[in-house]
Amino acid sequence: MTQVKSRICRLLRGRTCSAGAVLAAALFLGVPASDAFGQSARADEPEESAGADADAPSFLDLDRPTIGLPIRLPFTEDVQDPLFAMLIGLVENDIYGTLNRSRLQAELDRRDAGTKLPYERLVDVTRLPADRDRPTNTIEVRFDDDVKLPVPYSILGYNPGSLRVSQTCRFLEWKLGKIEVPYMDGKGDDRHQKMARLEDVHLYSLVEGELLLDIDGWIDALMGGGLDDTDMVALMLCRYEGDWHGFAMGYNHDRKGRSGAMNFREDKIVFPSPTEVKTLGRKMRARAESLRENSTGVRGTVPQSGRP
């Protein structure tokens, strides 16, 4: 037990070993709590030596709640890109903590998996649950600086442009479960109302930082209103028609609403956007802005009357 205690305290890098810290580190190491809190391993003892432990993973940073993550991260099976599969797996299984670049790389290497997504500039992604100081879940994404990342997916055979992302972006998250959103389908006399049924809905409102889709000029001119530079204000993750989808919602330079979707099973952008995707973008963007205002008292900096 003394050896277990020593290993945990070395993992904590010389910090005072409070009961909570010891239990969290024990869970991370896969050590039974009974061993961590045995008679010969008092939880309130400080570690004599602050030396690093060779057993401690290089990705561990106790200034961030990395120890909230399980030893093996879940991957959502029906998502094609492994990085998206990892991130969606954390959300789907309601896991909280910090995933940094080293841990992310280790998980991809363990599965011998490659990804289209450029993550070399990523520092970490932290997901925290609601508590007394947080009215809802929060997600923080940190890069080593403000970054410009190429969009790694094509639209009509062309890479449309890049994403400009602040060094730190923070989102509020709401778990909405199952929802139904009405939309109008068809034309003329055939126009009728249908329902878009979404499951496992997670809605995110950007409350700190900037996320800008910068479309290449010639594609912007070619597509007109169909594809614009867009300041993102909200994201959504959900199951739609059985597949995991991601939605990005925001406004163009004229403050008109814009939105788009990606099918994670097919690993492609949904383009052109069908009627239901445009309606979902418009209504869920408005809902995210309303939820943000209710949670923070801060209204969005753009009007809510824009069309997607």
Loop only per DSSP, at most 14 neighbouring Cβ atoms within 10 Å: give me the GluC sites (Glu not before Pro) in region 64-170, ordered by residue number. E77, E120
Pull out the extension gain between L117 and N159, defined as 0.36 nm times the separation in residues minus the alpha carbon to alpha carbon distance; nm, one decimal. 13.8 nm
Region 128-170: which trypsin sites (Lys or Arg not before Pro) are DSSP loop and have at most 10 other beta-carbon atoms within 10 angstrom? R132
In whole Å, largest first, the alpha carbons of region 113-163 cover along the principal axes 48, 26, 24
Label model pair D185, D133: point-to-point distance (7 angstrom along the Cα→beta-carbon line) in nm is 4.7
Potential extension, D214-K178 segment - 0.36 nm per residue separation minus Cα distance: 9.7 nm
For a footprinting-style exposure proxy, rank M232, M184 by other Cβ within 10 Å, fewest first. M184, M232
Considering only Cα-Cα distances, which of the following residue pairs are longer than 19 Å: K178/K283; K116/K268; K194/K278; K116/K278; K187/K278? K116/K278
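Each reported figure results from applying straightforward, stated rules to the coordinates on display, with no laboratory input. Note that the coordinates shown come from a computational prediction; the quantities given were computed from them, not determined experimentally. Every residue, glycine as well, gets a Cβ built from its backbone with ideal geometry; the counts of neighbours run over all protein chains shown.
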